[in-house]
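The values are calculated or read from the model by the stated rules, or taken from the named source; none is laboratory data. All values derive from a computational prediction rather than experimental measurement. Don't worry about glycine lacking a Cβ; one is built from the backbone with ideal geometry, like all the others, and counts go over all protein chains shown. Accessible surface areas use protein heavy atoms only, side chains included; no ligands, DNA or RNA. Shrake-Rupley method; radii C 1.70, N 1.55, O 1.52, S 1.80 Å.
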Amino acid sequence: MAGRFAPTPTSDLHLGNLRTALAAWLAARSSGRRFRLRVEDLDRDRIAAAGPIAARQLDDLAALGLTHDGPVVWQSARTAAYEKALERLDGLTYECFCSRQEIARATVAPHGDDGLRPYPGTCRDLSAAERAERRRSRPPALRVRAEGAVVALTDQLAGPTSGTVDDFVIRRGDGLFAYNFAVVVDDACQGVDQVVRGADLLSSALRQAWLARQLGLAVPQYAHLPLAVAPDGGRLAKRDGAIGLARLRRRGWSVGQVVALLARSLGLDCPEQATAAEMVTGFDWSKLPATEWIVPRQILDLGQV
Ligand code: GLU
């Protein structure tokens, strides 16, 4: 049994990320679970400086006392495992040649609150000849054949949630495995049965739960934590997002004060300073806030140079 944290190394961890990491760690440790770390560095083109950023992310987690078990898993080194898992989806996938624009044109309004556009199924029933023809102009992505499956799950924090799973991409046209596929394979491989992460990924959980079942894997217990937001209610902008552990420390904050700030934002009773380990016994799911954490302006302003 294990919980986990799985950062994408696109930028340093901001307060919202650190808070999610602390919640995931406390949830795991307070239930006697191991804690796994995984770096989601699949997209090497987009994540040019993955190595140095990931190193800083791991340093921040260590500085906060968020210990982990076993080696850190790097998704960029996991292609063979993904290929192997893909074999188990025999007959459940199809090649898709659509560009983003074509999909946007073929779909009506974005659906759900996250703007996800369900794939309209344009390439679902192409003949072998049509596929061969299209392969000449564009390497195909691979989609699952979800057949409009309806998935329901009970999120530990968000409660019951359900929806239709669309034919989502599991391997992109450039050959890279997609997040939704890698995350399911890796969580299972790392023995993860408890996934605590940001509420922005709640709709992905339906796809991932469906995929786990198709792969014959157990579906983890999900807990999607409301995000950290700026005082105007907007998501932390990049500018605001720059406030993380390093910057607070440069401003004279101790690690203990940062832990206390994050722990209090999670509804936990906490003195002025604390270690993550001291917070384990007091961790209580029922105290976690059901609404977003509004990061105080004076703290965000510490991020301005
Ligand atoms: N890598 C994602 C992020 O940094 C998290 C993915 C997950 O927890 O499943 O937001």
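A few notes on this one:
- In the range 60-176, the alpha-carbon atoms span a convex hull of 188 Å³ per residue.
- The chain - share of DSSP beta bridges that are antiparallel (%, nearest 5): 55 percent
- Where N is the number of residues in the range 175-276, Cα Rg divided by 2.2 N^0.38 Å: 1.37
- Taking the chain, the Cys residues with no second Cys beta-carbon under 4.7 angstrom are 98, 189, 270.
- Summed over the residues of the range 175-305 and divided among them, the accessible surface reaches 43 Å² per residue at a probe radius of 1.4 Å.
- Springs join every pair of Cα atoms under 10 Å in this Gaussian network model of the chain, and among 173, 267, 70 the largest mean-square fluctuation is at 70.
- Net length gained if the chain between residue 280 and residue 232 were fully extended (0.36 nm per residue, minus Cα distance): 14.1 nm
- Cα Rg, Dmax, the range 10-90, angstrom units: 14.6, 44
- Per residue, the average separation of C-alpha pairs within less than 8 Å and at least 6 apart gives the chain a relative contact order of 21 percent.
- Carbon/sulfur fraction of accessible area - the chain, other protein chains in place, 1.4 Å, %: 51 percent
- Across the range 122-262, Cα pairs under 8 Å and at least six residues apart give a relative contact order of 19 percent.
- Based on every Cα atom in the range 253-301, Rg and the maximum pairwise Cα distance Dmax equal 11.1, 32 Å.
- Cut-off 11 Å, label 7 Å out along Cα→Cβ of residue 257, residues of the range 269-305 by amide N: 273
- Multiplying the residue separation of residue 214 and residue 129 by 0.36 nm and subtracting their alpha-carbon distance yields 27.8 nm.
- Stokes-Einstein translational diffusion, the chain - Kirkwood Rh over all Cα pairs, 1.306 mPa s, 10 °C, in µm²/s: 77 µm²/s
- The range 179-193 and the range 150-178: distance between their alpha carbon centers, rounded to Å: 13 Å
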